[in-house]
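Novice: This is the structure, below, for whatever I ask next.
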Amino acid sequence: MSEKSGADWDSAATDERVEGILAQLSLEEKVAFVTGDLNWNFGFFAEGVQRLGIPDIQMADGPAGVRINKGDVHGGKATSLPAPIALAATWDPAQASAYGTVIGVECRATDHNVSLGPAVDIARVPVGGRTFESFGEDPLLQSAIGVAVVRGIQDQGVQACAKHYAINNQEDHRSSVDAVIDERTMHELYLPPFEALVREGGVASMMGSFNRLNGDYACEHPQLLRDILRDDFGFRGWIMSDYGANHSTAEAANAGLDQEQPNEGFWGGQLLAAVHDGRVSEAVVDEKVRNILRPLIGMGQAENPVGVAEFAVDQHHDVAQAIAEDGMVLLRNDGILPLRGVRRVALIGPDVDAWSAQGGGSSQVNPTRGVSPFDGLRRALGDEVDIVVEHGSDPVTPGALLPGADPIGSSFFRAPSGEVGLHAEYWTNPSFDGEPLVSRIDGQVELMHGFHNFPGFNAASARYEKLPTELNAQMSARYTGTLTVPVTGSYRFVITTLGSYTFELDGRVVAASGSAEVVADTDAVIDLVAAEAVAESPAEDEPRPYGWGGDGGQPDVSVDEVVVRLQAGRAYGIRMSYAADHPSQGFLLGAKLRLGWVPPAGVFSPDVARAAEAAAAADVAVVVVRSYEAEADDRPSMQLPCGQNDLIRAVLAANPRTVVVLMTGAPVDVTGWGADPAALLQAWYPGQAQGDALARVLTGAAEPGGRLPLTLPVALSQTPARDARTYPGVDGRVHYDEGVLVGYRAFDAHDLEPAFPFGHGLGYTTWEFEDLVVVPSDGDEAGIATVTVRNTGGRPGAVVVQVYAGDVVAPVPMPPQQLAGFAKMRVDAGGSERVTVRIPRRTVSYYDVDAHGWAPAAGTAEIRVGASSRDIRVSAPLAL
Ligand code: BGC
């Protein structure tokens, strides 16, 4: 650990040293220092100045643990922590500090001096691809957790980086979308976490986001970079561009961007030329160098450089496990949990026997070890309990990000070899030329290449064998075998593609791109039922709709549909030929393909049927489902992908004693399963110790300590994703028309019933809240609430005392209530604690757009204290 670290890097002594260094740098050296580079495995980097003892700036993602860029260090492995959203669900700054400490220590020990995180972008829409990297929908919670993470990192002498500044709340069109937002909304909802990280966390660096904001790119936005960040928030560190988010030389330089990352050609020689011809002054470049040097020198990174060292692998694994347990949110429980006296458990889900559920993209971490749910349950339950494992679904892959219907399950297919699945061939050219690079048996027909298949970015289920990166750009693929269905009826094939394809059944082209006769036509039904079979099998011509109510989607893909009548038991020859040959397909944007369908109601795959049988024969079924989430694309809907809704439906029908565990980083629809599971656990992406954490929570060895850091909606129609204008935007602009009414603020204002409200979470004990006293305070603090929490149940437990400020009257419409403070408490059975929560003035104020500043509300606020935003137990007035 460095001596000068944490938030204390900014001092007069540091400034003096920085000036001394600056004076010795040539203009060329300064320009080189502010121009980044790409190093190792897509890592950010900037060369230091060796002759002056300034080390290279070596950065590593990211928000969920260190994604080691130097592949040779520690075998590329670091602790894969629970996703940031799981950390937020702990509502515990102490856990956030432990989380940051692990990241800081491991950054140091893996030769990185800047950690590219945390991400403090408010979760605005449930389908946002990086919701899992965020700390939720509330700025106060986001700030408290973020500040503690930053301090944890920086106390190790490693710089943290607050990202993505700013108004970066969706991944669809992230590199061009213009966020049209009003000043009040920006200041009340989206900027406070960045402000808190600067003022309270002393964050050293920031990352400018990809998007535009009210017309200008974030990385060349003088108001954002200078007026707000420097003048208002007092930021004295440096701001780098996100990967490719800089679009200019003089504009960005003069607007206040400090470093272009990586080298995109706008800075470097171009910037030097701009200084020579007077478009950028040398003083502007000097300022950037100062901003970058200040934390580097102030934190002692020159004298006490990072390097390669051992770190406490086991201890960090334990931290990951404790946070996972403390972040799991028990949404519903009819008493089945904690599990008692079970003899036979059916453990069902795509990843139950191989650790893997985590978010994809730049925050993905190669874990030091991994504990699967099976390993965890086996350890927790002992050898006497029978654990029957069924996957019940194909592996979840980045293909889940494509719109359309669920992929056809592999157990409907047979390859020519007789194996389950299809014979798949992959060529590195778009025309099926020559020998395929890969020939193998594949399950579902589903590809999402390019960005999502970069090394270290693809967080598919461990069972899925990733295709080589040579297939990331233009390519072609062919799948052959047979398809057999269990019920005669109408099957709606849904084919999602970018590129071209031909889909054949029994030698007949039933759908193809670009062919007028066969292109998707929902009215036409192609009948492939033999004449003699028609009489016996009643036709079912009305397949249920697909998507389970989902919407959204990527505008560049086409989703074709064709209805085909198929006969039960007949093996239809199947052949799908696909070419990623669209001109846009290349390095970043690769193959996009899914062969999905909507079979007649009640048709389940043989895999699902086997899982249901296992459930029926067990005392309890535990179904662990997961999503696929990653930067660069939002999810197409709130639905679980890859047939997992069908899986839950079938298992629930077979055994009502079913526990559903959601390993997702964002809300999924939990309403469409025909029945409610006996227990529902939101486990998020719980990191590398997930199996032990889950098993300990299920068996009651640990308390599920989490509370929702975001609302779980019933449907997207309850959120800004209800309308293309507000999400994902039209004509390149996304309008934040809902203003400050995001998350619970909107649910409360519009009196909407969520699936589960913000702050909700059950434990294994019960609580009472008593004797609330609220007294006014002054300055930045509006009041102090003191309350007694009593554990009225039979076992120790954790509770989050949540304080909301409601009924605030101001000249502008206020949300009905806002989180004003919280405290995570652990109390023994029968015990009680007196808790004090300080209420910041901001939570009873509004941003006055005429004065361009915060204005306190007058009158009285109702201070509400309870166990969730919708479970208020006691309240008292606060005079403002
Ligand atoms: C992400 C950043 C990340 C960077 C470097 C970008 O695609 O948006 O969050 O830090 O890549 O990997």
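Novice: On a 1.4 Å probe surface of the protein chains, which of MET240, MET814 comes out largest in accessible area, and what is the full order?
Specialist: Working: MET240 0, MET814 35 Å².
Per-residue accessible area, sorted high to low, gives MET814, MET240.
Novice: Let me ask something additional. Rounded to the nearest whole Å², what accessible area per residue is found for region 767-879 with the 1.4 Å probe?
Specialist: 42 Å²
Novice: Still on this structure, please answer the following. Rank-order 718-725, 397-404, 312-319 by packing density, defined as the average count of other C-beta atoms within 10 Å over each peptide's residues, highest first.
Specialist: On the way: 718-725: 18.6, 397-404: 26.5, 312-319: 16.6.
Highest mean packing first, the order is 397-404, 718-725, 312-319.
Novice: How much of the accessible area of the chain, in percent, comes from carbon and sulfur atoms when a 1.4 Å probe is used?
Specialist: Result for the chain: 49 percent of the exposed heavy-atom area is carbon or sulfur.
Novice: For the pairs LYS77/LYS466; LYS163/LYS288; LYS163/LYS466, note any where the Cα-Cα span goes beyond 23 Å.
Specialist: Table pairs above 23 Å Cα-Cα are LYS163/LYS466.
Novice: Normalising by the residue count of region 370-431, find the relative contact order in percent from Cα pairs under 8 Å and 6+ residues apart.
Specialist: 16 percent
Novice: Treating cross-link reach as a plain straight distance, find the aspartates and glutamates whose alpha-carbon is under 14 Å from the alpha-carbon of LYS592, omitting any fewer than eight places away in the same chain.
Specialist: Qualifying aspartates and glutamates at Cα under 14 Å: GLU446, ASP556, ASP560, ASP581, ASP633.
Novice: Based on the Kirkwood radius over alpha-carbon pairs, what is the Stokes-Einstein translational diffusion coefficient of region 12-313 at 25 °C with 0.890 mPa s viscosity, in µm²/s?
Specialist: 129 µm²/s
Novice: Moving on. About its Cα centre, what dipole magnitude does the chain give when the only charges are +1 on Lys and Arg Cβ and -1 on Asp and Glu Cβ, stated in debye to the nearest 20? If you can, show how the numbers build up before the last one.
Specialist: Working: 65 positive and 115 negative charges, 334 e Å.
Computed about the Cα centre, the dipole is about 1600 debye.
Novice: Let me ask something else. Would you kindly find the accessible area of ARG151, with a 1.4 Å probe and non-protein molecules such as ligands, DNA and RNA excluded, rounding to the nearest 10 Å²?
Specialist: Rounded to the nearest 10, that gives 110 Å².
Novice: To the nearest 10 degrees, how steep is helix 313-327 against the longest Cα principal axis of the chain, on a 0 to 90 scale?
Specialist: 80 degrees
Novice: I'd like the accessible area for PHE604: 1.4 Å probe, protein heavy atoms, all chains in place, Å² to the nearest 10.
Specialist: 70 Å²
Novice: In a shell of Cβ-Cβ distance under 13 Å around VAL149, excluding VAL149 itself, what net charge do Lys and Arg (+1) and Asp and Glu (-1) give?
Specialist: After counting each charged neighbour, the total is -2.
Novice: Right, another one. Please give the Cα centre distance for region 6-25 versus region 357-381, rounded to the nearest Å.
Specialist: 43 Å
Novice: Give the relative contact order (percent, whole number) for the chain; include only Cα pairs under 8 Å separated by 6+ residues.
Specialist: After rounding, I find 14 percent.
Novice: Okay, moving on. I'd like to compare 118-128, 48-58: which one has the highest average count of other Cβ atoms within 10 Å, and what's the full order after that?
Specialist: Highest to lowest by the protection proxy: 118-128, 48-58.
Novice: With the convex hull built on the Cα atoms of region 682-833, state its orientation-averaged projected area in nm².
Specialist: Dividing the Cα hull surface by four gives the mean projection, 12.8 nm².
Novice: Please work out whether region 767-879 counts as rounded, prolate or oblate from its C-alpha gyration tensor, where a ≥ b ≥ c are the square roots of the eigenvalues and a/c under 1.5 means rounded, while otherwise a/b larger than b/c means prolate and anything else oblate? Let's see the in-between values first.
Specialist: Values: a/c = 2.72, a/b = 2.45, b/c = 1.11.
Note, shape of region 767-879 comes out prolate.
Novice: Mind checking which aspartates and glutamates have their C-alpha under 16 Å from LYS30, skipping anything on the same chain fewer than 8 residues away?
Specialist: Within reach: GLU19, GLU47, ASP56, ASP258, GLU260, GLU282, ASP286, GLU287.
Novice: Just for the chain, what percent of DSSP beta bridges are antiparallel, to the closest 5?
Specialist: Working: 116 of 164 bridges.
Here the antiparallel bridges make up roughly 70 percent for the chain.
Novice: For the chain, what value does the Rg/Rh ratio take when both radii are computed over Cα atoms and Rh is the Kirkwood radius, given to two decimals?
Specialist: My calculation of the ratio gives 0.98.
Novice: Separate question: Note down the accessible area of ASP778, probe 1.4 Å, to the nearest 10 Å².
Specialist: Here the residue's solvent-accessible area equals roughly 120 Å².
Novice: Any chance you could run the full-extension gain for ASP8 through THR671? It's 0.36 nm times the residue separation minus the Cα-Cα distance, nm to one decimal.
Specialist: Value of the extension gain: 233.8 nm.
Novice: Angle between the Cα long axis of helix 139-154 and the longest principal axis of the chain, 0 to 90 degrees, nearest 10?
Specialist: 70 degrees
The values are calculated or read from the model by the stated rules, or taken from the named source; none is laboratory data. Because the structure is a prediction, the values reported are computed rather than measured. FYI the Cβ positions are ideal-geometry reconstructions off the backbone, even for glycines, and counts take in every protein chain you see. The area values use the complete protein model at the heavy-atom level, side chains included, leaving out ligands, DNA and RNA. Shrake-Rupley method; radii C 1.70, N 1.55, O 1.52, S 1.80 Å.
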